[in-house]
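Written below as structure tokens is the structure these notes are about.
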Amino acid sequence: MKEQLKKDFDNNIKNLNLSQKDIEIKKFCLDNFIEKGFPNRKEEDWKFSDLNQLIKNNIGELSFYNDHTSTNKVDTSVFVDGLEHNKIVFINGRIEKIDFEYEKKDQIEIIDQSETINEFKNSNSLSDLNNAFTNKCFKILVKKGYQLIKPLIIYHSINSKIWSKNINLRLNFELDKDSSLRLIDLFSDTSEKNFLNIFYNFELKENAVLKNYKVDKFENKNIKYSFNNIDQDKNSVSETFILSSGSKFFKNEINCNLNGEYSSAFVNGIFSLNNDKHHEIRTIINHLTKNTKSYQLIKSVLEESSKAVYQGKIFVNSDAQKTDGYQLSKAILLNKESEFNAKPELEIYADDVKCSHGSASGSLNEDSIFYLMSRGLNYQQSRELLINGFLLDVVEKITDSQIKNLIKNMIGIKE
Amino acid sequence: MLKINNLNATIDNKSILNGLSLDINPGQVHAIMGPNGSGKSTLSNILSGKKGYEVSGEVLFEEKDLLELETEERAHKGIFLAFQYPLEIPGVNTNIFLKTSLNAVRKARGEKELDAIEFLKLVKEKSKKLKFDEEKLNRQLNVGFSGGEKKKNEILQMSLLDPKLSILDETDSGLDIDALKVVADGVNTLRDKNNAFLIITHYQRLLDYIKPDFVHVLMNGKIVKSGGPDLALELEKKGYENFN
Ligand SMILES: Nc1ncnc2c1ncn2[C@@H]1O[C@H](COP(=O)(O)OP(=O)(O)O)[C@@H](O)[C@H]1O
Ligand SMILES: [Mg+2]
């Protein structure tokens, strides 16, 4: 892998107009990655999901150079119908389209940051990999007081031109005071065996509201990692919803720093997995000042030999009095081979806090199935009704009603 | 309509029904009375197709072997069980459930499925008759319903599905006298020469409102005595002890 990385790195650098200093930084990151390699089970954060093994077993040899000199055709059939929205389209990691057609142009600034490498507060080697290979990085700045009229959908498409590739993406968002953004990440893949490595950084100023919905619904054999860092000022709100379902492997990591008083973070998620899929949600919520709140609800429906992991950490520092932290996970295991792992962690250094966590898993209730079938529903219908009913309260946590309906439709919850 | 012949049932090697026989013809109302643990719910469950029992003997429904049918096929053919303990199903809207159920049964019977408007009209009409709070139709199925509301919901489902054989498993327990009358009314309006009822109860109280043609006493998984409506009164007076 080392030779491949070096060769691909040199190829990549050739096409970029970088200063000597930036090249040095990227080289440094590359060397870091080469030294550490992909995360493996020996690392605490990866003990349930050995990425190194997963890549070995499912992809084999990866290559890291992506030819971004020519444009990809945008397949408009993947665009969401019936919901007016702004778009950013990534195809094979290349930005093909940025379109804020519904917004006041002077209220959103798109800043090219390709030449600044910002450090992520994430010690794993994937941020080094990302730093070394991303060649375009934009910051989207929503100006003071501006609330986007329509949601932004970021399309992450991987088409059949590539195979066994690593794709790295990076985006930064700044929501200035009193601004708001609804952001949907929608994944659609028509190619197999690639590894997508995404880093987002969000800065939420006072009163800003971010709603990020990550939708991995469509069947695919790719491996994905996504890292959100969210920094929150006073009174800001972040709402993250994850529908984790389509990919072979997907690990979503949310690191949220509640820096300002009365800021709050909500992370809700659904794992709906079959076959031998393996997904993880890892959250770290840092309550860093007083009167902050976090709430997390994760529900899983696991078929066949699929596996879901939820590692949720709530950290409360000594200044963070009156913290309110809550997390709950529930799983339905539809098969003896399926597996759910929950690892809650509470690290609390303040005394006047309210923190709780819980986790439960079990199989589908046979008595309920019998009840529904005795009313004429067949087994399949009964099962579907029970599962959708089980998932409903997480979906109901979505505060945007249009997007809630979109996601209900995707899951097949009828009204 | 229903012929039960020497029915035996065990669960986990524990024998619950021990050679039970019973014939029910169209137009008849049968009551089964018996102490706790005598096997009343087990009989209801087995007739509705609940899994997990080891069953032997014969059960014919309209001359066909009932025991080999799936639970939902029995519902399609017209068997209905009002549960002793109706289940709470979180996240499932009552109206959607009722419509799905009704249309599944109608479809299997070769009848036209109802659209949303037709269905709502029907369910409102039936709810009114049963004094079932319509607001409950938009709630999650049985979640947060009182005991009485759950039982009324069972009777609502029964009246929607218009079954041939309705089994009421202790529908009367936990009901106040008004609710009891409503339930009895529901049964009496449905009652005609083509359908039949098997009313399982603990007390003879319900039988003041639903007049049975036959009363059977079930003890230790077996019918120990059968008779007319008077048998219920006799039971009430003497207690079960004297029937062993
Ligand atoms: N799932 C089960 N497993 C073991 N024993 C059971 C089960 N269901 C019922 N029983 C036993 O079978 C007997 C009859 O139960 P049931 O049919 O519920 O009685 P009833 O409805 O007349 O009160 C009781 O002794 C009960 O404990
Ligand atoms: Mg009982």
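The values are calculated or read from the model by the stated rules, or taken from the named source; none is laboratory data. Computed from a prediction, not measured in an experiment: that's the story for all the values here. Backbone-built Cβ (ideal geometry, glycine too); neighbour counts: all protein chains shown. All accessible areas refer to the heavy atoms of the entire protein, side chains included, with ligands and DNA or RNA removed. Shrake-Rupley method; radii C 1.70, N 1.55, O 1.52, S 1.80 Å.
Structure summary
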item: ³J(HN,Hα) computed for each position of segment B:171-179 - Karplus, 6.51 cos²θ - 1.76 cosθ + 1.60, integer Hz, glycine/proline x; result: 4, 7, 5, x, 9, 7, 5, 5, 5
item: Local net charge near B:LYS3, Cβ-Cβ under 12 Å (Lys/Arg +1, Asp/Glu -1); result: -4
item: Local electrostatic count at B:LYS64 - Lys and Arg +1, Asp and Glu -1, tallied over other residues with Cβ under 14 Å; result: -3
item: Mean residue ellipticity (222 nm) of the protein assembly as shown, computed from DSSP H runs ≥ 4 via -39,500 (n - 2.57), nearest 500; result: -8000 deg cm²/dmol
item: Normalised contact order of chain B, rounded percent, pairs of Cα under 8 Å and 6 or more residues apart; result: 29 percent
item: For A:GLU192, distant residues with modelled amide H under 5 Å away; result: none
item: Summed residue charge, Cβ within 10 Å of A:ASN388's Cβ, Lys/Arg positive, Asp/Glu negative; result: +2
item: Segment B:88-244, dipole about Cα centre (Lys/Arg Cβ +1, Asp/Glu Cβ -1), debye to the nearest 20; result: 400 debye
item: Across A:LYS211/A:LYS330; A:LYS177/A:LYS414; A:LYS47/A:LYS214; A:LYS56/A:LYS293, pairs whose alpha-carbon gap is larger than 29 Å; result: A:LYS177/A:LYS414; A:LYS56/A:LYS293
item: Separation of the A:GLU96 and A:SER70 label points, Cα + 7 Å toward Cβ, nm; result: 1.4 nm
item: Spatial separation of Cα centroids for segment A:155-220 and segment A:350-412, in angstrom; result: 26 Å
item: Amide H within-cut-off set for A:GLN113, under 5 Å, with H built and near neighbours excluded; result: A:CYS137, A:PHE138, A:LYS139
item: Three-way shape label, segment A:328-408, alpha-carbon gyration tensor, a/c 1.5; result: oblate
item: Whether segment A:257-363 is rounded, prolate or oblate, judged on the alpha carbon gyration tensor where a/c under 1.5 counts as rounded; result: prolate
item: For segment A:59-143, radius of gyration divided by Kirkwood radius, i.e. Rg to Rh on alpha-carbons; result: 1.01
item: Only Lys, Arg (+1) and Asp, Glu (-1) charged, at Cβ; chain A dipole about Cα centre in debye; result: 420 debye
item: Nonlocal amide H pairs with A:SER359, under 5 Å, H built at 1.01 Å; result: A:SER329
item: A:GLU396-A:ASN32 FRET efficiency (beta carbon distance; Förster radius 51 Å; 0.05 resolution); result: 0.75
item: A:ASP106-A:SER363 FRET efficiency (beta carbon distance; Förster radius 60 Å; 0.05 resolution); result: 0.60
item: Global geometry of segment A:2-411, whether rounded, prolate or oblate, following the gyration tensor of its Cα atoms and the 1.5 cut on a/c; result: rounded
item: Rounded to whole Hz, the Karplus (6.51, -1.76, 1.60) HN-Hα couplings of segment A:247-258, x for glycine and proline; result: 7, 4, 9, 8, 10, 9, 10, 10, 10, 10, 10, 8
item: FRET efficiency, 1/(1 + (r/R0)^6) with R0 35 Å, evaluated for A:LYS322 and B:LEU120 via beta carbons; result: 0.15
item: Approximate spin-label separation B:LYS181-B:SER15, in nm, with each point projected 7 Å along Cα-to-Cβ; result: 4.7 nm
item: Gained length - A:MET1 relative to A:GLU115, 0.36 nm times residue gap less alpha-carbon distance; result: 38.4 nm
item: Neighbour-limited loop hits for trypsin sites (Lys or Arg not before Pro), segment B:155-244 (at most 14 other Cβ within 10 Å; DSSP other than H, G, I, E, B); result: B:LYS193
item: Residue mean of other protein chain beta carbons inside 10 Å, B:91-102; result: 5
item: Pairwise label distance in nanometres, B:GLU88 with B:GLU62, each label 7 Å out on the Cα-Cβ vector; result: 3.7 nm
item: Interface area, A with B, accessible, probe 1.4 Å, both sides summed, Å² nearest 100; result: 2000 Å²
